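The values are calculated or read from the model by the stated rules, or taken from the named source; none is laboratory data. Keep in mind that this is a model prediction, so the values were computed, not measured. Virtual Cβ from ideal backbone geometry, glycine too; neighbours counted across all protein chains shown.
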Amino acid sequence: MNNTTSNKLQPSLRLKQVLAIAIAAISPTTSIFLVYGAGLSSAGTGVFWAFLIGSCIALSMAFCYAELGSEFPGTGGAYTIVYRALGRPFGFITALLFLILGVVITASILVSAATYLNSLLPFIPVNWAAVVMMGIVTWFSLERIGATSWVAMVMLLIELFVIFAFIILAFMNRHHPISFILSPTTVNAHGQSTGITAAGLFAAVVPALFALNGYDWPLYFSEETYQPRKILPRAVMIAVLASIVIEVLAVISSTLAIPNLADAISSSAPLTYIAQSSAGHVGATILIVGVIIAMFDTGLSGNLAYARVYLDTARQNSWPYPINQFFLSINRHNVPKWGFVFLGVGNAILCYFTSLNNLITFTGVMIVTVYLLIALSSIVNRIKKRTSEQRFRMPLWPLPPIIAIGGVILSLTQQALGDLIKTAVIVLVAVVYWFAYLRMRQDHAKTDTTDPALPS
């Protein structure tokens, strides 16, 4: 059964709304407050260099996403790109990675938001607060995308005001010269200053990539965007450049404003420690309120894309029939109803039972695995279609995908073995499922591989 036309979403978004969703999904404020501590712990003051390397990889990846997204626009985003460029087995690997990411990332962000809320109001339990936030996120997600995008835009403006205020305050209250970050150092267990190894530096690159991730989010709203082939590549490039500038500035200002490196590295919330030093108790409290708003906005904006990926996988009959029908369901607001319910329940369970703080590196490994597939897709697609007339063509090809592939592989070699094994198991399950089930289904082979018609 071909479901590609009966479940088509309707266009209602323009550049500024898609861009607001993308930058809110990246959320420079959320990203920095989530991963700065992990980066500082691995690379010391070399966290700046980790973000710089991550920025080069992110920019290279954005070129790949923009070019492929202009040729293969579809609600599945990365999933659509990979299965169209590399084939269905690789596409399903991407789909399964997104299925896992969808019920992990939003929960981890909301648990972090609830943890900051608890620091201000200790009588509010962290896990229950995160569950309530997930309920509100699900409610907003089930509304019309146009209205939801405006909510995301308003909260994004608040977030940007907060992060720029923090950057300015940190620069005004810096404790170190610029050489403090140019020559990376850390503090060992004996409190002695020591240099950073290449392994420690590249271990911090994956958290940096996690922080910068989200610039591809416009691609998941292709059906709901006017002139997607023109607008979406532009939105991807603007989003990645904005995230790089803001996050690198935040890392530089934060690191220069560290009063004591040993205390910052040992702190469970080093940016709160830096904020209190730079802005005092009242200023830090205002900042934390802004961080909570930013994290909620990130959870909302990030959540919006995953159900759309599930919808696109169901259109391609990627699951058993009942699950396909489940993910294909569209409500009266023209959004994937049961996909968001699935995300709401899955994330709420994790919010209640798990702290999730240790999952940042695991989700980072899954994200960069998707990056690897996208970069390979850009190379394969150019080779297969030398005369292809994409609306957007990346400059300096093939340098961007080569930089991305090299950076991703080098970063993966420095990640925890457990995180690599978990991701490898997910990939293996996807491969087994493909050969044991999907490949054997004759009706799957006959399914139309095109996405709903999109305006040029």
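If the requirement is being of a type in the set (A, V, I, L, M), crowded, with 24+ Cβ neighbours inside 10 Å, modelled with pLDDT of 85 or more and touching a strand residue (DSSP E or B) at 6+ places or on another chain (Cβ under 9 Å), which of these qualifies: ALA235, ALA250?
Unique residue meeting the criteria: ALA235.
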message: Pairs needed: first member in the stretch 88-108, modelled with pLDDT of 85 or more; second member anywhere, not in a helix (DSSP H, G or I); C-beta distance under 7 Å; at least 6 residues apart or different chains.
response: PHE92/SER318; ALA95/SER318; ALA107/LEU356
- request: Could you tell me whether any residue of the stretch 145-156 is closer than 30 Å to ASP312 by Cα, buried (at least 19 other Cβ atoms within 10 Å of the Cβ), small (Gly, Ala, Ser) and touching a strand residue (DSSP E or B) at 6+ places or on another chain (Cβ under 9 Å)?
  value: yes
- request: For the stretch 176-192, state whether one or more residues are buried (at least 19 other Cβ atoms within 10 Å of the Cβ) and closer than 27 Å to ALA404 by Cβ.
  value: yes
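Matching residues to (1) part of a helix (DSSP H, G or I); (2) more than 23 Å from the chain's Cα centre (by Cα); (3) at negative phi:
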| position | (1), (2), (3) |
| --- | --- |
| LEU201 | yes, no, yes |
| ALA211 | yes, no, yes |
| LEU219 | yes, no, yes |
| LEU241 | yes, no, yes |
| SER268 | no, no, yes |
| GLN276 | yes, yes, yes |
| GLY290 | yes, no, yes |
task: Report, by residue number, each residue of the stretch 139-183 that is aromatic (Phe, Trp, Tyr) and closer than 27 Å to LEU300 by Cβ.
output: TRP139, PHE140, TRP150, PHE161, PHE164, PHE166
